[in-house]
Each structure stands twice: as structure tokens, then as C-alpha cells.
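Input: a single structure, listed below in C-alpha cells.
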Amino acid sequence: MRRQTATSGINPAGSSRALRLDPLSLPLRFNAHDGRADGGVRQVELHRERVVLRRSICGMRMSVNVRVSDFLGIALRGDTDGKMLVLKHRDPSLTIPLCLSSDADEIATAWQTWSEIFALPQLHEETRREPAPRRRRHNAIRARRPRFLMRRLVGGLLMPAKLFRGEREIVART
């Protein structure tokens, strides 16, 4: 097995060359852009069964090991400059770029190859994203009645109270 160095997998910052990773030479090790990491770079290791992401945030180094089967698939992102293949995860911060090119034939063959190697489906990703639905608040059930009061019937205006006026007895009979 041949291992790629950190500089061979991705182009340096400011380079105009396209990103192309070879799926047939796994395992791969390369640097990718990460806006939240220190220095804006994270280190990615791609294996056939797992992906290891290493980055440092505020001086704290971390390593995330994710199985390839946990990813949703190989997604195709399109824009005006070219198309990009990514290994898509539910968490957008774990999505990994695989190939960037303006050649449609090259993207199609790379898409098929990555999909076969990882045994993941090919996904079309839309550039426009819908906002996520609002999350429920933690006190959503605060306005409900307590459990021990749920057994009792609710009194109120459903059954009007009977009034007895002009009676001299302490106990009124109905």
C-alpha cells in the first residue's frame, strides 16, 4: 500500500489547481480547509473502513474517528466554477472534499469510483438549503397539569353549581 503525503493530496492555499484525490491509492492523508480550526486547516486520513479527522481548536488537539458507513453518501455539489465531490455526513462539519474539477467527464468517473470503493450511494446536493426546523424548547410541557392531577377530573364551567336560596336548613337536598 502506498501512502500519500500531506502535500500531495490537496493544493496549497491560493493555488488555482483543482483538488483531485486518487480513490485507488487508499489510505490517503491530506489537509483540508476548516474555518473553526486553528490555522483554518484540519488533517484528514481516508481509509476504506474509517475516516480520521485531526484538528486543533483553541490549542486543544482532537481526533475524530468516523466509520465510512456512517456517512450518507458521495454528494455532487455544483457551482459556476466547477463541480465538487464530497463525502457527505449528517453533520456538515464532518463533510470531506474529495474532488474539485470543471471537467464533467472527470467528475462523473470519480463520482462512480468513490461510490464503489466506499459502497455508498451517489447523492445530488442542491446548493440552496432550507433552514432547519426550530428545536423544541426544554420547558415545552411546563404548561401541562402535573401527573398526579391528571387522574382527577377538571372542574369548571361544564357543570354549573346548583344554588339554593331561601332555605333554612344547613344541608340542602336536591
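The values are calculated or read from the model by the stated rules, or taken from the named source; none is laboratory data. Worth saying up front: this structure is predicted, and the values here are computed from it rather than measured. Here Cβ is always computed from backbone atoms with ideal geometry, including for glycine, and neighbour counts include all displayed protein chains.
With respect to the stated conditions, residue 135 fails to be assigned to a loop (DSSP other than H, G, I, E, B), in contact with a Leu (Cβ under 7 Å, 6 or more places away or on another chain), closer than 30 Å to residue 68 by Cβ and at pLDDT 65 or above.
Within region 1-21, is there a residue that is in a strand (DSSP E or B) and at pLDDT below 85? Within region 1-21 (the criterion being in a strand (DSSP E or B) and at pLDDT below 85), the answer is yes, since at least one residue qualifies. A residue that is out of contact with any Cys (no Cβ under 6 Å at 6 or more places or on another chain) and more than 21 Å from residue 19 (Cα to Cα) occurs nowhere in region 81-89.
The residues of region 31-48 that are in a strand (DSSP E or B), in contact with a strand residue (DSSP E or B) (Cβ under 6 Å, 6 or more places away or on another chain) and closer than 16 Å to residue 98 by Cβ, listed by number, are 31, 32, 42, 43, 44, 45, 46. Within the set of pairs 6+ apart or on separate chains, which have a first residue in region 49-63 that is part of a loop (DSSP other than H, G, I, E, B), a second that is surrounded by 12 or more Cβ atoms within 10 Å (Cβ to Cβ) and aliphatic (A, V, I, L, M), and C-beta atoms under 9 Å apart? Filtered contacts from region 49-63: 49/68. Just one residue in the set 85, 26, 21 is under 27 Å from residue 132 (Cβ atoms) and touching a residue at least 24 places away in the same chain (Cβ under 8 Å); that residue is 85. The condition of being aromatic (Phe, Trp, Tyr) and either in contact with a Lys or Arg (Cβ under 8 Å, 6 or more places away or on another chain) or modelled with pLDDT of 85 or more (or both) holds for only one of 118, 164, 148, that being 118. Is it true that some residue in region 98-114 is small (Gly, Ala, Ser), part of a loop (DSSP other than H, G, I, E, B), over 22 Å from residue 71 (Cβ atoms) and modelled with pLDDT of 70 or more? Within region 98-114, one or more residues are small (Gly, Ala, Ser), part of a loop (DSSP other than H, G, I, E, B), over 22 Å from residue 71 (Cβ atoms) and modelled with pLDDT of 70 or more.
Scoring residue 40 on the criteria (1) surrounded by 16 or more Cβ atoms within 10 Å (Cβ to Cβ); (2) modelled with pLDDT under 90; (3) of a type outside the set (Lys, Arg) leaves a single failure, condition (1).
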